[in-house]
Protein chains: 2
Amino acid sequence: MVKLTDVAAKAGCSVTTVSRVINNYGYISQKTRKKVHEAMKELNYQPNSVARSLQGKKTKLIGLIFPDVSNPFFGELVSKIENQLFKHGYKTILCNAGNDKEKERTYLQMVMANQVDGIIAGAHNLGIDEYQRTGLPIVSFDRKLSENIPIVSADNFKGGSLATQELYNHGARHIYFVGNPTLDGHPTQKRLLGYKETIKELKLTEHIHPVIFNETLALKEMAIRDLLENHKVDGIVASDDLTALLILNISHDLGIHIPKDLKLIGFDGSKVVRDFEPRLSTIVQPIPSIAQLLVKLLEKRIDNPTEELDNYTYYLPVELLKRESSGN
Amino acid sequence: MVKLTDVAAKAGCSVTTVSRVINNYGYISQKTRKKVHEAMKELNYQPNSVARSLQGKKTKLIGLIFPDVSNPFFGELVSKIENQLFKHGYKTILCNAGNDKEKERTYLQMVMANQVDGIIAGAHNLGIDEYQRTGLPIVSFDRKLSENIPIVSADNFKGGSLATQELYNHGARHIYFVGNPTLDGHPTQKRLLGYKETIKELKLTEHIHPVIFNETLALKEMAIRDLLENHKVDGIVASDDLTALLILNISHDLGIHIPKDLKLIGFDGSKVVRDFEPRLSTIVQPIPSIAQLLVKLLEKRIDNPTEELDNYTYYLPVELLKRESSGN
DNA sequence: CAGATTATGTCAAGCGCTTATCATAAAAAA
DNA sequence: TTTTTTATGATAAGCGCTTGACATAATCTG
């Protein structure tokens, strides 16, 4: 482990001088600065960030708490966030909290113990206060944690509405909402509300068919099969793309033709799904913008924790991607 | 920030005693141990891991360097690894290196500066020596870095072979390998070798049609379109599932029926692809086992850096998932 | 009850780095 | 040349925690 004193020795100056170069304060001549930099390079010196942190310097670590990167949407989101963070000089500590309260709690403790500079919260198994109690700068994705924690989210309501309207425009009149029916501030709730409102405007009857997120594949398939076989349905707004894909597949098995017999639209629009299932219409969340804004807000909080923001709620515009499945 | 001294005060004992219960050494009565634990709980105390690390204690941080979690395969792999690490008390620092040499290098520096206990290397833009030079415990996924760095990988050769044989069994005689053609130790190379060997055994002619990983979607599509339109082909071994999906889609566009006109098989078998594209035959990598083994080996290295392993190369068995696309 | 064992405390050094203070030296400005 | 300004060094304290050395109680054993 090469350390500060080694650099000083190599550069032929005092540790104070080296520290001055690194932290850029006090008087330093160009000549010594160069000498020091050369010594650092030659020795391949990296200031021990652990020791620096102990002085109260920033750790440049951010805790990312999300459900699961094996889900393509979260995978892409986390990927973009990590990239943004990197650009701003931060390292990412990743937690896949799944729907595991205990794991999320433990991680919260862990990242605190590691003196992270802030947290981006995207999994929401825990209550507000557990996050609040960390005393750390936090920004939230897709769910309101508290008044003073900024929340970034796609315009889910608008998305639900757009999706419903799109199916209607292509002739669907028995339009179901299929997906997570929970009403507890989960992001899909707003999608549902957008659906409901539009259904009302269109003077149609609302139909909600629950397919729970955390269920096994088989149970989800059963629920969908039940819907397709036993209900009069000619349009489906799926709460997310994966559910939509399931519907696509099962329809095919049952000989239901999409979009002739059934019009379908998903939600999320991750790149993977867009690129590799080109038949599926969907509401696209602006993942790169979400990532950018989350990081920007978090950094603002970190640099100035007390400053009030002029806005704590950000709804980023979604986009309707029209493809075959909705009737195009 | 509640600190050790606060706990000591609360528990009515000395810092030494508190430290003794935390680090579990020396003599401690059950009574005091309990008192201390209660004090810690009441104050919601977490030992400052930064300060501990400075004493040379483990940081319990692991650097994960992979191409990109927005790819479903890596998403799932990283997810499983993170879970394993968590079970073993480690936190995960995530780096999506993409194919960016500079970013990978910078991350390597960063994680060193953060005193990580070890690295799991899955992106391979850099040379051996840059990893070697870290002096950290390392395990590698899918590529040989050096003699003394354990490498875990699926049995890609066997996979390539199985895939080819499967297409043959269903009647294909003009079997192409489509994907990354590089020959530099990239994991797909072994898949290609498995294909080649089997083609030879079957007394067929080998055909390799390059579709480069990092190209844009449009260019990949062009390459595939060219293949399907201008070549006599009735079977395709794709180097990975995403390429296979592309082929599936383009075939459909061109009115080529799979599996009647063309038999197709992919590679990777991430859960997302398996669950949501049930038509696709593929060679399934045992992601959970890979994750488990990587973590197990890394921990072994961390706990005993000098101990020689009895094996530095691990090929985990792949599984042929037979579905419609290959002719079932 | 003496001696061993167990339990706790006090004190101080140190992990690698930052930073303030004070002192001194070299260069630039007057 | 004298005064400022700029550049560097020596020294020490401290971030929060660990750990060893040493001392002193309290408890247990035979």
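No value in this document is a laboratory result; all are computed from the given coordinates. Because the structure is predicted, anything quoted here is derived from the model rather than measured. Note that each Cβ is placed from the backbone with ideal geometry, even for glycine, and that neighbours are counted across all protein chains shown.
I'd like to check something: does the range B:88-108 contain any residue that is touching a residue at least 60 places away in the same chain (Cβ under 8 Å) and of a type in the set (D, E, K, R)?
Looking through the range B:88-108, none of the residues is touching a residue at least 60 places away in the same chain (Cβ under 8 Å) and of a type in the set (D, E, K, R).
Quick check on A:Phe86: is it more than 8 Å from DNA strand D (Cβ to nearest atom), among the aromatic types (Phe, Trp, Tyr), in contact with a Gly (Cβ under 9 Å, 6 or more places away or on another chain) and within 30 Å of B:Glu76 (Cβ to Cβ)?
Spelling it out, it is not the case that A:Phe86 is more than 8 Å from DNA strand D (Cβ to nearest atom), among the aromatic types (Phe, Trp, Tyr), in contact with a Gly (Cβ under 9 Å, 6 or more places away or on another chain) and within 30 Å of B:Glu76 (Cβ to Cβ).
Pull up the range A:2-26, narrow it to residues that are at negative phi and part of a loop (DSSP other than H, G, I, E, B), then point me to the one that is farthest from DNA strand D (Cβ to nearest atom).
A:Val2
Being away from DNA strand C (no atom under 16 Å from the Cβ), among the hydroxyl-bearing types (Ser, Thr, Tyr) and in contact with a helix residue (DSSP H, G or I) (Cβ under 6 Å, 6 or more places away or on another chain) is the filter here; which residues of the range B:46-84 pass it?
Residue satisfying the conditions is B:Ser70 alone.
What tally of residues in the range B:76-86 results from selecting those that are in contact (Cβ under 8 Å) with a residue 60 or more places away in the chain and within 7 Å of chain A (Cβ to nearest Cβ)?
Of the residues in that region, 2 qualify.
Specify the residue that is nearest to the chain's Cα centre (by Cα); the eligible residues are those in the range A:1-26 that are surrounded by fewer than 17 Cβ atoms within 10 Å (Cβ to Cβ) and more than 9 Å from DNA strand C (Cβ to nearest atom).
A:Ala9
Just need a number here: residues in the range B:238-264 that are without any contact (Cβ under 8 Å) to a residue 24 or more places away in the chain and either surrounded by 23 or more Cβ atoms within 10 Å (Cβ to Cβ) or within 11 Å of chain A (Cβ to nearest Cβ) (or both).
Within the range B:238-264, residues that are without any contact (Cβ under 8 Å) to a residue 24 or more places away in the chain and either surrounded by 23 or more Cβ atoms within 10 Å (Cβ to Cβ) or within 11 Å of chain A (Cβ to nearest Cβ) (or both) number 3.
Within the range B:187-227, take every residue that is in contact with a Lys or Arg (Cβ under 7 Å, 6 or more places away or on another chain) and within 19 Å of B:Asp268 (Cβ to Cβ) and give me the one that is surrounded by the fewest Cβ atoms within 10 Å (Cβ to Cβ).
B:Pro187
Give the range A:27-75 a look and list any residue that's of a type in the set (Gly, Ala, Ser), near DNA strand D (Cβ under 9 Å from one of its atoms) and within 7 Å of chain B (Cβ to nearest Cβ), or say none.
A:Ala51, A:Ser53
For the range B:160-193, give me each residue that is touching a Gly at 6+ places or on another chain (Cβ under 9 Å) and within 21 Å of B:Ala123 (Cβ to Cβ).
The answer is B:Thr188, B:Lys190, B:Arg191, B:Leu192.
Looking only at the range B:87-108, decide whether some residue is facing chain A (nearest Cβ under 7 Å), in contact with a Pro (Cβ under 9 Å, 6 or more places away or on another chain) and more than 12 Å from DNA strand C (Cβ to nearest atom).
Yes.
Here is a list: A:Ser153, A:Ser140. Which entry is under 20 Å from the mean Cα position of the chain (by Cα) and under 28 Å from B:Glu42 (Cα atoms)?
On the way: A:Ser153 fails: under 28 Å from B:Glu42 (Cα atoms).
On inspection, the qualifying residue turns out to be A:Ser140.
Starting from residues that are assigned to a loop (DSSP other than H, G, I, E, B) and at negative phi, keep the ones in the range B:27-53 and report whichever is surrounded by the most Cβ atoms within 10 Å (Cβ to Cβ).
B:Tyr45
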